[in-house]
Amino acid sequence: MSGPIVAALLGIGLLVGVLIGAIGVGGVLLVPVLTYIGGIEIHVAIASAMVAYFFAGGVGSIEFSRRGSIRWSDAAWLAGGAMPGAFAGAAATSVVPAFALELLIALLIIASALNALLGRGPPGGTLRAPEKRSLVLIGVVTGIASSMSGTGGPLVLIPILLWLHVPVLAAVGLSQVIQLPISAFATAGNILYGAIDVTVAAMVSVLLMVGVWFGARIAHRVSSIALKRFVSLMLLGVGVMMLVKVARHVEAVV
């Protein structure tokens with residue numbers, strides 16, 4: 001790689017880490033950057049990124065937990081659902097077209113973003129965490145969708161939690177934790193197929209960990225209203241981009 005390309009990858013990798021640490025969403029940008037700018041083969045890029053998400057999730061979990069923004073009992077129920085969900089998603093990949101799942105996820109993201117931007121939350125201002133059974137179900141859905149689409153746990157989890165009026169810091173905190181089981185199981189499978197580039201994975205892991213460290217501090221220094229608005233706008237943009245991608249796929253097939 002040339003110097004400018006390496007510099008671009010370093011800068012964007014740090015930015016992605018900051019976004020993951022601050023708003024949970026950001027990893028969706030990583031694979032396209034590695035593929036289109038770095039020239040890394042798509043399967044290697046995905047496998048290497050999944051390794052990095054584990055370390056990014058570890059740093060994010062520690063930083064959010066230190067600030068009291070993670071309820072570990074909720075995280076445990078989510079992870080318990082995400083693990084079998086990830087396995088089920090891997091098995092269903094060959095049955096359900098990827099573009100169909102991406103369409104559903106895009107619609108979920110856009111709907112939840114608009115709901116968060118325009119809604120006022122539950123009456124009386126009370127915000128309750130979902131029940132244990134709901135958390136397990138959410139974990140299963142997140143694991144299935146993430147495994148099948150490769151979009152990453154936070155991109156699926158955060159829209160669902162915002163739709164349920166979970167406080168934004170709590171939602172982002174749980175999104176840090178959900179990366180751990182999903183990336184661990186995905187990486188175990190990728191190791192068997194030998195798709196991981198150790199050098200790329202190590203470089204991206206370091207960049208994401210540094211970025212997440214800064215991002216977590218940013219998330220806890222801005223107002224919850226501003227953070228929620230920024231998360232919602234970011235989700236809205238990602239959802240629209242996914243819809244455009246699906247539309248282009250359908251157009252190419254037709």
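What follows draws every value from the coordinates through simple rules; no lab data is involved. A quick note: this is a predicted structure, and the numbers were derived from the prediction, not measured. Reconstructed Cβ throughout: ideal geometry from the backbone, glycine too, with neighbour counts over all protein chains shown.
Computed 3J(HN,Hα) for segment 233-244, one whole-Hz value per residue from the Karplus formula 6.51 cos²θ - 1.76 cosθ + 1.60 where θ = phi - 60°, is 5, 5, 4, 4, x, 5, x, 5, 4, 5, 5, 4, glycine and proline marked x.
Look at the alpha carbon pairs under 8 Å that are at least 6 residues apart: their mean separation over the length of the chain gives a relative contact order of 39 percent.
Other residues within the sphere of radius under 15 Å centred on the Cβ of PHE214, judged by their own Cβ, net out at +3 (K and R +1, D and E -1). log₁₀ I(q)/I(0) of segment 147-254 at q = 0.12, 0.16, 0.24 Å⁻¹, via Debye over equal Cα point scatterers, no solvent, to two decimals? Taken in order of the listed q values, log10 I(q)/I(0) reads -0.57, -0.94, -1.33. Just to confirm a number: summing +1 for Lys and Arg and -1 for Asp and Glu over residues other than GLN176 whose beta-carbon lies under 15 angstrom from that of GLN176, what do you get? With Lys, Arg at +1 and Asp, Glu at -1, the net is +2. Taking 0.36 nm per residue of separation and subtracting the current Cα-Cα distance, fully stretching the chain between ARG248 and ALA226 would add 4.6 nm.
Model label sites at LEU117 and LEU10, defined 7 Å from Cα along the beta-carbon direction, differ in position by 3.6 nm.
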